[in-house]
1. Using 0.36 nm times the number of residues separating residue 67 and residue 93, minus their current alpha carbon distance, what extension gain do you get?
2. For 78, 28, what ranking results if the residue with the fewest other Cβ atoms within 10 Å of its Cβ goes first?
3. Could you tell me how far the Cα centroid of the stretch 37-60 sits from the Cα centroid of the stretch 91-124, in Å?
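Bear in mind these aren't lab numbers, they're just calculated from the coordinates by the rules spelled out. For clarity, every value in this text was computed on a predicted model and none was experimentally measured. In this analysis, Cβ positions are derived from the backbone assuming ideal geometry, glycine residues included, and neighbour counts consider all displayed protein chains.
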């Protein structure tokens, strides 16, 4: 008889706060700070502030790469989305809390996008879409992992 050894991948930061906090809420909080504090000016000026060049990088080819605030926000958000999906492979009680907060963050983002001036930009729409993918992937991966941990049993009724 062969013996199967199950190894569990434990993805944790060691901090309950960071295990529960949806990482994609960080760029959304930054966007909220930009809009509500007036860093970008009035709510009508947010879209133009987002597309204005923030960083200019000269390339070896002689051309120049202009990065806007929206580019930087999205570049930073993509790795966070990757880590969120990795975090969703856990099957502990903190994961359920993380998914609940992610869903709440998605609802708040959709309401802000539709109803609050300054949030109807392509950048915020993409952040909300990333949050939607995180919510769907999180619940899907967690359900699949829980089913695997239960041995793939089916309830017939």
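1. Once the chain is fully extended between residue 67 and residue 93, it gains 5.4 nm.
2. Numbers: 78 12, 28 23.
The fewest-first ordering by Cβ neighbours comes to 78, 28.
3. 23 Å
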